[in-house]
Structures are given as C-alpha cells and as structure tokens.
Amino acid sequence: MRDDGFFKPTPAALAFGVEIRRRQSDDGALAGRLAALCFHAAGEGHSCLDLARVAAVYPQALADIDIDAVALARVFADNPLVIDAGNPGGGDTTGLLVVHGSRLYLRKYWRLENAVIDALAQRVDARELPRSGDAAEDLAAVCRHKTLALLTGGPGTGKTTAIAGALVPWLRDFHAEHARLPRIRLCAPTGKAAARMNASWAAQMPALCRRLPADLQPALAQDAQTLHRLLGIDPLTRRGRYAEGRRLPADLVVVDEASMLDMPMLKALLQALSPECVLVLVGDPNQLPSIEIGNVLGALLESPADSVFARELRNAHLQLTRNHRQAAQPGLASFAADVLMADADTVIGRLRAGGYPGVAFHENTMTALPRILGETAEWHGRLAQAADVETALSMLGERVILTPLRQGPVGSETLNAEIGRRLGHAHNRQAEAVMVLENVPALGLANGDTGLLWRDGNGLNACFRLSGGLLSVPLAKLPRHEPAYALTVHKAQGSEYRHVDVLLPDADCPLLSKSLLYTAITRAKQALTVAASEHSLRAALGRDIRRMNGLAALSAG
C-alpha cells in the first residue's frame, strides 16, 4: 500500500490489509488495498468504504483501478474473514469485514448501522399529518402522534422558538392524558452546545411560563446537559447507564445540534429510551458532522425518496427555511447561503467587492494574521481588567479565531501560543481562556466547556459559567485543558460569538470543505473576518465531502 496524497494509511490500517490479503486466494493485492482503505476510512468517520463514492473522498487511493468493474462480493468470495451480507452463509459469521453491494464494512460498523436503522424504523409510520404552516403547531402535532421528530434549519430560522412553542400544547395534552407532569430532557452532543442550548432555553422561559398554569411550569424548568451525562456514559468503558432492561426516565428528549450526533451515541440513546418516549432531533444538516463514526442527520435526510422509510421519515420532518436574522445581519446570512448554493466565482467576487455587509475579507492569510492576533490579544487583555469573573466570563463569548487546523502557521496550537505570549501568560495566567478536553462528571465538566483562569484569595481557579451557575475549580484539579483563544472549527460547533475571525491556510489541505467553511462562518452573530487565499477558498467551496455510510441504502430496505 502506497501513500496516495489524501490517503495516508496508518500502520494499523496497513496491518489489517496485510492480514486480509494473507487469507485471500485470488485478487490478494486488491483485497488487501480495499481492506486497508476501509480500516483507514473508519478512522476518519466513515462507517464503510463505498466504491460508488470513494473517488470523491480519496481521489488517488484507487486511481489505477477501474472501480466500476470491481464487484466486492467476487473480490472477497473465498475469504473466510469476509461475510457477504447478500449470502450470510458464505462466510464465517465472526468475520472481520462485511460486503453489502458496493460497500465494504468493518463488521462492528455493519452491525451498528443495522441497529440504528432498525431502532429508527420502529419510531416512524405512514401516518401523514396535516401541516398548518406554523412550525410550532406542526411540531406539536408530530410529537403528539409519533415518537420521532426531525426539525432542521440553518442559524436564525427559529428552531428553538419552534420547540418551545410546540412543548406548550404537547405538555398540556400529556398532562390531561396521564394526570402527571411529563419528564422532559434537553441535551446536546457537547458541553458548548449544551451551554448554548441552556442560554436559548432560558430566553424562552418567561414567555412559556405566561402560557402555562403554575402547576405545569416545572416540567419546562430543565437544564440542558451533554448526552454523555444524560445517558450516564462511563468515560473509560463508554457504556451508558441505560439499556433495554433499564430505561431513561423521560417522556420527551430534545437533542440539539444533532449534526454532531455520531452513530454509536445515537444507538446508545435509542437503546436508553422507552418505546413511548418522543425523540426530537434538531440541527442543521449542512454543518460539519461528528468527528466520530457517522453523519446521522445528513444521511437520514438522504434516504431514497421512493423508499418506505423515507416517506415515513418525511412525515416526521419539519424543515425551517426562513432566516429571521436576515434583516439584522443580511451580509452574514447571504454569505452563508452563497457558500452552500453559489459557485466559487460568485462567492469570491462578492467577497472582493465587499458585497457581504458585516464580512471583512483579506486575501492573504499570513499578511492579515498579525493584525488579527493583535486585536484578539487586546480584547482578551480587557478581560483581565474586568471587575469580577462573572463579568469577564460574559465577555469571553464575544470573539474567537477559528481555523481548520491544530498545527502549522494558522493552527490553533500555534495561534494560542502566540496570543498567550502577547498576554504574558508565562508569568501571569490571570484571565487565560481555557477549554476542557475530557468529560469529568464528578466535577460537573464536559469536553468543550470553556472558561477563564481567575485568581482569588486562595490562588488560581478555573471558572466556568454553567447552567447551575458559576463553577470554580482549583487549577490543580482541572482536567486536561488547552488555551481557547483560537479553536478548530470542530471544537467551536454548537457555539456562537459576536465576532469571528476565520483563518484558512494558504495551501490546500484535505480538511477544507464547504461544510467546514459554512460551519465556521455561521458561528458569527454580528461580524465576521475571513482571511483566505483564492486557492483555499476554491478548494473549500469545491469540496462537498459527505461521509461514506449505508444508512440511506439500508433504510431503503
């Protein structure tokens, strides 16, 4: 196996390919390459290797092979380590790989996809519900008659408002039918997303309470939490507290930022819920998917239009398209829409002409970098002068630098080190922005939680503004963390900032894609700076990478 540009196989992938090749009677070299590529793809979030799409994802990996002429079932026909899903008796059921049509799976991911589709199929049905055109009313109807609802839309389309509006009539109906308050759970895949959900929910509560009698209001007084915490997932074993024999005590679960929901987590959630519990998945399918296996939200919406599952799913899906922020921030909204729909020439031309109000464009990243670093350091320097830590924490979400990379000239590690140097954190870490890198339930911290180091009479503490109020943790007890002036786009998902600086590397890299650029720019609420060369912008706008998986095909039956 050679290093083919975008495909750089890990030693583990190579070893896996060698083992498959060793057990192969014919086409051993091809079988080994396909197996190694399948193993490698799993490490990058693909649940399978799909020959119909592999050229778009790994352009050079199999460039010397006529992919259209490759029949996976024939290639692996005599290999005892490979199961043919179309002929289950044709291989050892303990095999390492599974062939299904044009897709090659690691066995555990084949089982995972099937488990997820089977569980979701039990939550949809053929009933078509009339649509009123009012998002809250229509969502309430779905939640009243079905146990799965999908609510999708971009930033500013009113997803939170629709959920809040739907829960009022749903809550009334539930209470009337069951003579008790429903158990409502709010959650998100990451700490950042849960914190933002809490803030959005808190803003909705006064209006909700005015629409409900006092005895029903406690049902809505819920704090959003991470899915890890909701399901009681052990950080070491990755197993949850709930399963078929012990269900999560919930009547309705809302999962925000569902684009970040990976397949293992969705399986754990579905196993934890009782059959009667309503699951509401909320998100923007155009954003980056989870780093882990799967692109669940996007894949479900790509199900073949003529399949029974797709028709049933459409009955449970509400798509919001009207951007309510358009009037306040037309430039940001137009830029986000053009990234998804317009060609590269149009987007770059409008950026150069200043055609997106509120968006500043610098065509040379390295030339713009000193100014962006200086402005960021100056802003964070003000945080150290704040009257108290709560004031400083409220300022923390004002601005951030976003980058696709962790390393390199515009990598988050490099940028954070330089900003820390400018702020003198080698000698005084007061007001240093930090992000937690692991889930620590005992401390009430989740991966992605962002806070500030703040000195009091007892020394330096890490302070976080969470749903329960201010959390202060002595620096010595703080789990793994890193500076948080500059974040990767993945790390910033689920959050919003008043001002965002987006830095793209001048050279092309495989991480650049349309979904990455869209996710980065939609973190900004008021102002956005984009520093990127024409080359890197064209690379991002021209690469619409979708995770390889078989959810859509499996859902077709």
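Please treat every number below as a calculation from the coordinates, not as lab data. Only a predicted model underlies this, so the values are computations on that prediction, with no experimental measurement involved. Because the Cβ atoms are built from the backbone with ideal geometry, glycine has one as well, and the counts that use them run over all protein chains shown.
Structure above, values below:
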item: Under-5 Å amide H pairs with Val502, H placed in peptide plane, nonlocal only; result: Leu402, Thr529, Val530, Ala531
item: Neighbourhood charge, 11 Å Cβ-Cβ cut-off, centred on Glu378 and excluding it, Lys, Arg +1 and Asp, Glu -1; result: +3
item: Dipole magnitude (debye, nearest 20) for the chain, charges at Cβ of Lys, Arg, Asp, Glu; result: 1080
item: Calculated FRET value between Thr237 and Met341, using beta carbons and R₀ = 60 Å, to 0.05; result: 0.85
item: ³J(HN,Hα), Karplus 6.51/-1.76/1.60, whole Hz, each residue of the range 13-23, x for Gly, Pro; result: 5, 4, 4, 5, x, 4, 5, 5, 5, 5, 9
item: Neighbour-count ranking [beta-carbon atoms within 10 angstrom, fewest first] of Ser200, Ser132, Ser412; result: Ser132, Ser200, Ser412
item: Per-residue HN-Hα couplings for the range 502-516 [Karplus 6.51, -1.76, 1.60; θ = phi - 60°; Hz; x = Gly/Pro]; result: 9, 10, 10, x, 5, 8, 5, 9, x, 6, 5, 7, 4, 5, 5
item: Derived scalar couplings ³J(HN,Hα) [the range 152-169; Karplus, 6.51 cos²θ - 1.76 cosθ + 1.60; whole Hz; x for Gly, Pro]; result: 10, x, x, x, x, 8, x, 5, 5, 4, 5, 4, 4, x, 6, 5, 5, x
item: Rg over Rh [alpha-carbon atoms, Kirkwood Rh] for the chain; result: 0.97
item: Part-to-part distance (alpha-carbon centres) for the range 391-427 and the range 295-364, which is given in Å; result: 28
item: Positive minus negative residues near Arg455 (Lys, Arg vs Asp, Glu; Cβ under 11 Å); result: -1
item: Order by protection proxy (mean Cβ within 10 Å, highest first), peptides 513-525, 156-168, 350-362; result: 513-525, 156-168, 350-362
item: Built amide H within the under 5 Å cut-off of Leu148, gap 5+; result: Leu279
item: Eligible aspartates and glutamates near Lys267 by straight Cα distance, threshold 15 Å, same-chain separation 8 or greater; result: Glu113, Asp118, Glu244, Glu292
item: Relative contact order computed over the range 123-185 (Cα-Cα under 8 Å; 6+ residues apart), in percent; result: 30
